[in-house]
1. Tell me, please, whether a residue that is exposed (fewer than 15 other Cβ atoms within 10 Å of the Cβ), more than 35 Å from the chain's Cα centre (by Cα) and touching a residue at least 40 places away in the same chain (Cβ under 8 Å) can be found in region A:323-336.
2. Could you pull out the residue among B:57, B:53 that is at negative phi, in a loop (DSSP other than H, G, I, E, B) and modelled with pLDDT of 90 or more?
3. Tally the residues that are under 14 Å from residue B:26 (Cα atoms) and either more than 12 Å from the chain's Cα centre (by Cα) or facing chain A (nearest Cβ under 7 Å) (or both), restricting the search to region B:73-97.
4. Taking the residues in region A:483-500 that are part of a helix (DSSP H, G or I) and surrounded by fewer than 16 Cβ atoms within 10 Å (Cβ to Cβ) as candidates, determine which candidate is nearest to the chain's Cα centre (by Cα).
5. For region B:21-41, indicate whether the set of residues that are facing chain A (nearest Cβ under 9 Å), at pLDDT 85 or above, under 29 Å from residue A:235 (Cβ atoms) and surrounded by 21 or more Cβ atoms within 10 Å (Cβ to Cβ) is non-empty.
6. Picking from A:86, A:135, A:141, which residue would you name as being more than 14 Å from chain B (Cβ to nearest Cβ), surrounded by fewer than 23 Cβ atoms within 10 Å (Cβ to Cβ) and touching a strand residue (DSSP E or B) at 6+ places or on another chain (Cβ under 7 Å)?
7. Looking at A:217, A:256, which is the one that is away from chain B (no Cβ under 13 Å), farther than 20 Å from residue A:70 by Cα and surrounded by 13 or more Cβ atoms within 10 Å (Cβ to Cβ)?
């Protein structure tokens with residue numbers, strides 16, 4: 001009757017290179033409180049949200065950053081697949097107003113793609129500061145596509161952008177594939193291959209080649225490939241010639257749209273960049289940044305001050321009142337499930353909220369600050385040569401540093417690495433030698449009794465990281481990785497950006513991790529109730545004895561598999577009761593840090609790398625953990641220990 | 001500096017003898033502070049070429065070497081990009097005079 005039919009919301013795909021403010025614009029379009037979790041370092045997974053502004057309602061999809069449709073990394077392939085799959089979606093191409101000549105080649109590819117298209121000319125503030133703001137209206141006229149100037153960090157232009165996206169239509173083909181490239185693709189397009197797929201197939205993209213062969217037939221495809229090789233020599237020759245032709249089109253397009261800048265971005269910024277990039281000054285600065293940002297802020301403030309405050313709250317108020325409330329429950333096991341030593345509230349929620357939340361939140365805050373000001377690509381450049389020895393490239397810095405926050409999230413982010421070999425090595429090192437923030441907090445807490453113990457522990461971790469990385473690089477076949485990266489200008493971090501990034505990561509973390517905390521509590525509770533826990537602990541006792549630890553440490557290792565930091569916390573209790581000496585503590589801390597990753601990280605390894613790799617990493621990590629733990633304990637005792 | 005072939009001092013961009021002729025030199029061989037125009041990419045390098053294209057390195061682009069160590073840092077227009085020596089060896093440039 002009168003019930004108005006709700007129209008299906010439009011779909012908008014956000015597309016653009018890394019570092020042009022794509023995620024910030026996504027936040028502006030969907031609001032900070034959208035139920036979406038955006039993804040780290042770079043948006044690795046396709047992220048969705050709902051935009052309701054300027055009287056429009058649309059599902060917005062944020063895609064991983066890409067420079068061109070000719071994908072190099074897995075994340076670029078993810079973005080392109082989304083683009084080709086969503087044929088009726090509107091594309092919002094976010095370009096860098098200050099570097100239009102670099103952004104527009106992708107715009108031309110998107111025009112050729114044929115989806116309804118709007119260009120968001122972002123970072124207008126940076127372009128204005130340089131006195132080189134582009135003539136947006138003129139650009140729109142030349143491209144034949146609406147162009148809206150935006151500043152994602154302040155929200156400028158976001159409503160007009162939404163309105164333009166709602167009204168967007170497919171562009172006319174004026175700037176599609178230029179001749180003579182179009183002539184070559186025409187044969188395939190006439191056989192109903194997508195023009196963009198045909199272009200990418202001829203440029204050497206395997207995925208698109210398969211697709212085009214499927215649609216247009218093997219004969220037509222082979223003929224086009226042979227013609228290409230006759231004219232341009234190879235797929236690469238074709239790709240370079242086409243990119244060069246597109247660049248010329250872009251330069252012609254931009255005549256009169258951008259004035260030459262009035263001023264350079266300033267001597268001071270370039271001088272600072274020189275300090276950051278020269279190994280002589282850059283490496284000491286890395287040490288300073290790591291010390292203050294991670295050790296003092298995350299370790300001291302997050303893991304120290306905040307954890308103490310929240311733990312006190314639990315011990316004084318929440319624990320006792322939960323225990324009082326559950327005292328009314330008639331069945332003892334049920335009482336234990338809620339408030340026992342492994343209870344959902346007393347163990348699961350308390351660990352999650354009192355220990356992990358403050359540490360992880362401060363870590364993500366610091367990480368977002370470093371990310372937003374543009375420091376991470378510079379760190380990548382500085383460490384590239386060192387990481388090459390381990391079969392990685394500077395690019396791996398981002399997942400590796402993120403691993404100090406959450407190894408599970410970092411394992412997902414290894415997708416940004418280029419080759420399978422790099423992803424494997426990074427996955428192994430993350431599982432083995434990089435302690436996550438929850439674990440770091442507890443381990444450093446245990447070892448705080450002795451500076452020597454902390455030093456030995458840290459040296460062993462660094463040694464294992466380097467040796468295992470080097471061995472993996474030598475053992476795994478494949479080409480050494482290459483390093484290439486755009487260095488975004490150094491910027492003052494935007495508070496809003498930093499808070500959004502921190503908030504979305506903390507939310508992701510809790511959605512992924514809190515259920516596992518609770519599950520771990522239930523498993524431990526059930527294990528104790530059925531006696532399985534005692535039996536499993538009994539089986540571990542000989543191993544634990546062999547590396548010189550008291551039998552009680554066995555249960556700590558068992559919890560360690562459920563959550564690495566549970567295990568560490570178990571040792572914390574042993575140390576407090578004086579059951580472990582300094583040598584024993586160091587042995588235990590080394591073993592538990594190198595020991596198998598938590599269940600969440602294991603599941604992520606299986607999802608990203610397959611069950612075989614996950615099990616292999618598990619076996620390797622367990623062996624190395626116990627071997628190194630035992631060796632360290634033996635060595636300390638052999639030299640007479642320390643007091 | 002003058003061109004050894006035609007004696008012109010105006011550089012290879014807009015070569016006065018009009019030929020597509022220049023002394024090819026690898027990008028990796030440039031010193032810090034030197035400027036050059038990309039002339040061609042070594043097509044034998046296959047997949048590496050896509051990375052160079054993703055960085056915006058293609059024929060006709062002007063670059064200035066900002067530093068060579070620990071990796072090559074180039075200014076291209078107002079963008080700054082970094083790449084390692086192996087990739088830089090696939091880029092051939094004509095040095096600006």
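The values are calculated or read from the model by the stated rules, or taken from the named source; none is laboratory data. Note that the structure is a prediction, hence the values are computed from the model and not measured. Please note: Cβ atoms are built from the backbone with ideal geometry, for glycine as well, and neighbour counts cover all protein chains shown.
1. Taking every residue of region A:323-336 in turn, at least one turns out to be exposed (fewer than 15 other Cβ atoms within 10 Å of the Cβ), more than 35 Å from the chain's Cα centre (by Cα) and touching a residue at least 40 places away in the same chain (Cβ under 8 Å).
2. Numbers: B:53 fails: in a loop (DSSP other than H, G, I, E, B).
One residue alone meets the criteria, B:57.
3. 5
4. Step by step, filter region A:483-500, then rank; the result is A:499.
5. Within region B:21-41 (the criterion being facing chain A (nearest Cβ under 9 Å), at pLDDT 85 or above, under 29 Å from residue A:235 (Cβ atoms) and surrounded by 21 or more Cβ atoms within 10 Å (Cβ to Cβ)), the answer is yes, since at least one residue qualifies.
6. A:86
7. Working: A:256 fails: surrounded by 13 or more Cβ atoms within 10 Å (Cβ to Cβ).
Among A:217, A:256, only A:217 is away from chain B (no Cβ under 13 Å), farther than 20 Å from residue A:70 by Cα and surrounded by 13 or more Cβ atoms within 10 Å (Cβ to Cβ).
Yes/no matrix, rows are residues, columns are (1) under 22 Å from residue B:47 (Cβ atoms); (2) surrounded by 23 or more Cβ atoms within 10 Å (Cβ to Cβ); (3) within 14 Å of chain B (Cβ to nearest Cβ):
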| site | (1), (2), (3) |
| --- | --- |
| A:51 | no, yes, no |
| A:64 | yes, yes, yes |
| A:74 | yes, no, yes |
| A:91 | no, yes, no |
| A:97 | no, yes, yes |
| A:101 | no, no, yes |
| A:111 | no, yes, no |
| A:114 | no, no, no |
| A:118 | no, yes, no |
